[in-house]
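Structure first, commentary second.
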Amino acid sequence: MDNDGYDYDYDCNDTMECICEINTGTEVTVQVYVHSCICVLGLLGNLMVIVTYAFYKRAKSMTDVYLLNVAIADVLFVISLPLIIYNETYNWTMGRWACKILRGMYSINLYSGMMLLACISSDRYIAIVQARRSYRIRSRTLIYSRIICSGIWLFAIAVSIPTIIYNETYDNIDLISNQTMSICYLKFEENETAQRMKILVPSIQVAIGFFLPLLIMGFCYSSIIYTLISAKNFQKHKAVRVVMAVVVVFIACHLPYNVTLLYHTLSLFHERECEVEKTVNKALMITETLAYFHCCLNPVLYAFVGVKFRNHFRKILSDLWCLGKKYIYRRSSRSTEVYISTRKSMDGSNNENGSSFTF
């Protein structure tokens, strides 16, 4: 989901000119349009989840609380994404603190979103695999889930502190246009700090933001699948397909980027040919877009696949349709009243026995 994170190129200079060339032209244009679509879809889907929990469905279980927090994290992510994309494409004009806040929010939502997905898998594991023992644990669901969610958000903030500290705005020369641009990027005062952080930050991102949730989800969902298959029930087998879809989509969206980022990090301080560097950076650009797309699929996979949630979704659409009809009716009624009063005044001025029009 994030990219604090997702941009680990060296600064543009004479020795690394080949890297900078891939960040301009057609690739950037396509990236902007694709990310814009992701923002729109992600915002609509996750806002639907938030609206459903706010007005139509109370969060009664741990999974409900986790889903609501995942939707909030994804909304914050898609809100910050277009601002970062725009300012990276053109010029950073929002100042130093905006740079730190946006980059930090980006990173916080990555870690919180991933860990919350792991929590959802853990809750389903307890409810299905440990069903007999889960009553005591799940009897105080809202208390436990709120404590866990608060801990996850605090942990995400703590892990994102290096991102907030070291992202700064500074001027850089664009080798293509030969113009000075203000950018928001990682900046270090000492080479030793730069080397440490350029390895530490992406390594933590890959380890905590992907592999740890993947291990938790892999264990929980494999146990769930085994339990459901043993149940020999049609509805249970239908649930197996949903679980498989969740796991496959998660891996398909995030594995390519994290493998590419891991390779890029391991070879960061080794000399590579310019064409190889271009290929790696293009791969990062493509795979990060695929990772972003997961925020659009979260509402579908975790919320709208449920029958009750789909019914709430239909209720939202029905209410929006009714509100739209009421608004149109009121506008048309006001227009009619204005038309009638105008005709009355006109007829009264031209005819002493002015008639009134009724419908």
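Only the coordinates and a few stated rules stand behind these numbers; no lab work does. Just so we're clear, the structure is a prediction, and the values are computed from it rather than from any experiment. Cβ coordinates were reconstructed from backbone atoms using ideal geometry, including for glycine residues, and neighbour counts include every protein chain displayed.
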Legend entry - Built amide H within the under 5 Å cut-off of Met181, gap 5+: Asn172, Ile173, Asp174
Inset, instruction - Compute the distance in nm between two label points, each set 7 Å from the Cα along the Cα-to-Cβ direction, one at Glu168 and one at Tyr90. - result: 2.6 nm
Legend entry - Projected label distance in nm at Ser230 and Thr29, using a 7 Å step from Cα toward the beta-carbon: 5.8 nm
Legend entry - Nonlocal amide H pairs with Val305, under 5 Å, H built at 1.01 Å: none
Inset, instruction - Can you put Asp74, Asp319, Asp64 in order of Cβ neighbours within 10 angstrom, beginning with the fewest? - result: Asp319, Asp64, Asp74
Legend entry - Residues Ile165, Ile72, Ile85, sorted so that the one with the fewest Cβ neighbours within 10 Å comes first: Ile165, Ile85, Ile72
